[in-house]
Each structure stands twice: as C-alpha cells, then as structure tokens.
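Following: one structure in structure tokens, then a few remarks.
The values are calculated or read from the model by the stated rules, or taken from the named source; none is laboratory data. Computed from a predicted model, the values in this text were never measured in an experiment. Please note: Cβ atoms are built from the backbone with ideal geometry, for glycine as well, and neighbour counts cover all protein chains shown. With ligands, DNA and RNA removed, areas are computed over all heavy atoms of the protein, side chains included. Shrake-Rupley method; radii C 1.70, N 1.55, O 1.52, S 1.80 Å.
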Amino acid sequence: MSFKNFKVVEKLIFGRGSFNQLDEVLAAQRKSADDFVVFVVDDVHRGKPLESRIPLKSQDLLLWVNVDDEPTTEQVDSLTAEVQAFNGKLPVSVIGLGGGSTMDLAKAVSLMLTNPGGSAMYQGWDLIKNPAVHHVGIPTVSGTGAEASRTAVLCGPERKLGLNSDYTVFDQIIMDSELIDGVPTDQWFYTGMDCYIHCVESLEGTFLNEFARAYAEKAMDLCREVYLGDHPEKDDKLMMASFMGGMSIAYSQVGACHAVSYGLSYVLGYHHGIGNCIAFDVLDEFYPEGVAEFRQMLKKHNITLPKNICKDLPDDTIAAMVKVTKSMGPLWANVYGEGWQEKVTDEMLTALFRRI
C-alpha cells in the first residue's frame, strides 16, 4: 500500500498586522537590484487603504485582477503573457492578494511561467512537470482554503477543474485577520461556508483518516463559533478554520457538493462559494446533519439562497452540468468508494439538478 506524500506550505506567518512583514519576506527573494516581484491583487482593493500598503518597488509589476466571474484558463494565460512581456526574465516571486479566486490565479501564473503551453493542458491531477516560481498567498477573504491547497481551480474550455499539483502549493502564506475585517456579509457567509462544507465532505467521505479528521473537526468547531455563536474573535477563528479546512481535504477529498457546484459554476457562472451553498441545500440525502446545521446558519445570518434556478432549464443545459459533475471521479469516489460509476448516473444527477 502506498501513502500520499503530501506537500504542505513551507512557511506561514499568522497574526493581526502581519501583512506588514511582506516586504521583509520578499527581501529574502530579491538577490540583485533588478529582481522583480509580481503582485496579483483583487481589484476590489484598488483605491482602498490596502493598495498603499503593498510594498511595490519601481521594478515590480502590479496586476489588478477582476474575479467577479470564476477565474479561467484564458485569464491565466493572458496574465502570464503580460508578465513575460514585462520582463525577459522570471520574477523572484508571485504574490496573490485577495480571496480564493485571486490566490488561485497567482498560483496558476507562478506555474505557467515555468511550464510550456496553455494552462488548460494542466487541468487535472499531477500534470505539472516543472516547479513554479516562488509564490505567496495572502487571503483578504477566508473560507476557500486556497492558501493551504495544492490546486488552482480554473474554468477551462471543457470544464471547471484545478491545476492539482505539489508545485501548486504556496511557498509562503501570510494570514492577517485584519485584512478580512469588513467583508460584505453575503460574501463572508458564502466563502466561509466553503470551509464548513469542506469539513462535512471530508468527515463523511470514504477517504477519511485521522489526519483529515483532526483538521476537519477543529475547523468545523471554529465555523460553529463564527456562524452560530458570533464569537468576538471571529475573524481570527475563520482564518484558522479556512486553513485547517483546506488541510483536511489535502489528505482526503471533497465530495458531492463540490462535484455538483462545479457543474453549476461552469455552466451557469455561479461563484464557487454561493454555488456550493446552492448545491448543499439540496443534498440532505448525502449529508443530512450538515445540511440541517447549514440551514441554521442561513437563518441566523438572514441569507436567502436562489431557488428553482434549474427547474425549467433546457435539457441540454442540464446535460452540460451533468457532464461536468460526473467527470469528478475522485470526488465521487470519496462519496461512494470503488464502483461509484454504477451509482453516479446521468438520471440521478439530472434529478438532483432539477431540485436546485
């Protein structure tokens, strides 16, 4: 039997105000006067106080990215070309500053600067051949676990699927809970629920082991303190829950909710967080206790999910979502184990989507 040789984030700084140490972190990478850094920053921060705190040098490149839509392979390839056109040599670091989508873009760009071809070629598991440029993740929204994960999730020409690789893992992360203060309530909820759902899927999955269980149980407890208890230190707790939720699936896997939400996101364009919530709300048969608790959290924070969005969609639209969802083999294996193909039928998934 072979066990997973899992790569973790090598360096981590945690604490309120720790963003101020970014310049110091990057100084260790800059070996000569013309070494440059690429900052990939969510454009929601443009013109805001955080912009003036970015330790940008005259030779560095700042890329504002819009993540109103899910990140795409086309977007990654465009950003990579922009970096290559900016300077003939590689940057010494790529920084992702924002939520999960922004961090995934930064991870993907750091990979594509050292691997030939377009990013769609690498959607899948362990297809990346060359190590990435040094890359740093700094979340300004917490929940996705992107700061801890080995994937950069992208919508490609055929499906939504990550660049899953040990090379994708950040070399350094900075977790400063001051940066997530003031996130709009809906976004705070939907993104945090990604973490909660990670934990449910990990704990209910066939891949569960004590490594995954330890992280998932603690992350779930923290989510409960944040979303059911409104703990005064909720930002610190949510930031740690996000990291630990990401770690929990690193040695296990997500499940039915993420498989279904990938179909929703790819075909209908729903962002990952709200897509997960919409999907999870109809998965009582898979995760009855988790869905019941999730609905308590919805009620407490006055969150109203879209309803009946698939009920009257054309059959070919449903079929497109079913195709994407059915292709998530490792996720369904975590739900059903070996022989999952016999249970994950077009008919079952079609009926499920019609309930959404």
- line: Going through segment 65-115 in order, the residues found to be under 15 Å from Tyr167 (Cα atoms), of a type outside the set (Val, Ile, Thr), open to solvent by 10 Å² or more (accessible area, probe 1.4 Å) and outside any helix (DSSP H, G or I) are Leu113
- line: Here the qualifying pairs (Cβ atoms under 6 Å; residues six or more apart or on different chains; first in segment 33-52 and without any contact (Cβ under 8 Å) to a residue 40 or more places away in the chain; second surrounded by fewer than 21 Cβ atoms within 10 Å (Cβ to Cβ)) come out as Asp34/Gln59; Asp43/Trp64; Asp43/Asn66; Arg46/Trp64; Glu51/His45
task: Hey, can you tell me all the residues within segment 149-182 that are of a type in the set (A, V, I, L, M), within 24 Å of Tyr270 (Cα to Cα) and surrounded by fewer than 24 Cβ atoms within 10 Å (Cβ to Cβ)?
output: Leu161, Ile180
statement: Contact list, first residue from segment 250-268 and over 16 Å from Cys310 (Cα atoms) and small (Gly, Ala, Ser), second anywhere and in a helix (DSSP H, G or I) and open to solvent by 10 Å² or more (accessible area, probe 1.4 Å), beta-carbon distance below 6 Å, six or more apart or interchain, is Gly255/Val335; Ala256/Val335
- prompt: List the pairs whose first member sits in segment 160-183 and is under 30 Å from Lys326 (Cβ atoms), whose second member is part of a strand (DSSP E or B), and whose Cβ atoms are under 6 Å apart, counting only residues at least 6 apart or on separate chains?
  reply: Gly162/Val153; Asn164/Trp125
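How many of the residues making up segment 245-268 are open to solvent by 30 Å² or more (accessible area, probe 1.4 Å), of a type outside the set (Phe, Trp, Tyr) and touching a Cys at 6+ places or on another chain (Cβ under 9 Å)?
Taking segment 245-268 first, the residues open to solvent by 30 Å² or more (accessible area, probe 1.4 Å) are 249, 251, 253, 266-268.
Cutting the leftovers down to of a type outside the set (Phe, Trp, Tyr) gives us 249, 253, 267-268.
The next check asks that each one be touching a Cys at 6+ places or on another chain (Cβ under 9 Å); those that pass are 249, 268.
Of the residues in segment 245-268, 2 are open to solvent by 30 Å² or more (accessible area, probe 1.4 Å), of a type outside the set (Phe, Trp, Tyr) and touching a Cys at 6+ places or on another chain (Cβ under 9 Å).
Looking only at segment 1-45, count how many residues are in a strand (DSSP E or B) and either open to solvent by 20 Å² or more (accessible area, probe 1.4 Å) or acidic (Asp, Glu) (or both). Steps first, answer last, please.
Our first condition is that a residue be in a strand (DSSP E or B); within segment 1-45, this holds for 11-14, 37-42.
Right, trim to either open to solvent by 20 Å² or more (accessible area, probe 1.4 Å) or acidic (Asp, Glu) (or both) and you get 11-14, 42.
The total comes to 5.
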task: State whether one or more residues within segment 120-128 are free of Cβ contacts under 8 Å to residues at least 24 places away in the same chain, more than 22 Å from Gly273 (Cβ to Cβ) and outside any loop (DSSP other than H, G, I, E, B).
output: yes
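Looking at segment 32-53 only, could you name the residues that are closer than 21 Å to Ile180 by Cβ, touching a strand residue (DSSP E or B) at 6+ places or on another chain (Cβ under 6 Å) and aliphatic (A, V, I, L, M)? Steps first, please.
The first filter runs over segment 32-53 and keeps only residues closer than 21 Å to Ile180 by Cβ, leaving 39-53.
From what is left, the residues that are touching a strand residue (DSSP E or B) at 6+ places or on another chain (Cβ under 6 Å) are 39-43, 46.
Across segment 32-53, the qualifying residues are Val40, Val41.
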query: Out of curiosity, is Pro139 in contact with an Asp or Glu (Cβ under 9 Å, 6 or more places away or on another chain), within 23 Å of Asp186 (Cα to Cα) and surrounded by 24 or more Cβ atoms within 10 Å (Cβ to Cβ)?
result: yes
- prompt: With respect to Lys129, is the statement that it is charged (D, E, K, R), within 22 Å of Pro330 (Cβ to Cβ) and open to solvent by less than 10 Å² (accessible area, probe 1.4 Å) true?
  reply: no
- line: (1) without any contact (Cβ under 8 Å) to a residue 24 or more places away in the chain; (2) open to solvent by less than 60 Å² (accessible area, probe 1.4 Å); (3) in a helix (DSSP H, G or I) all hold for Gly229 apart from (3)
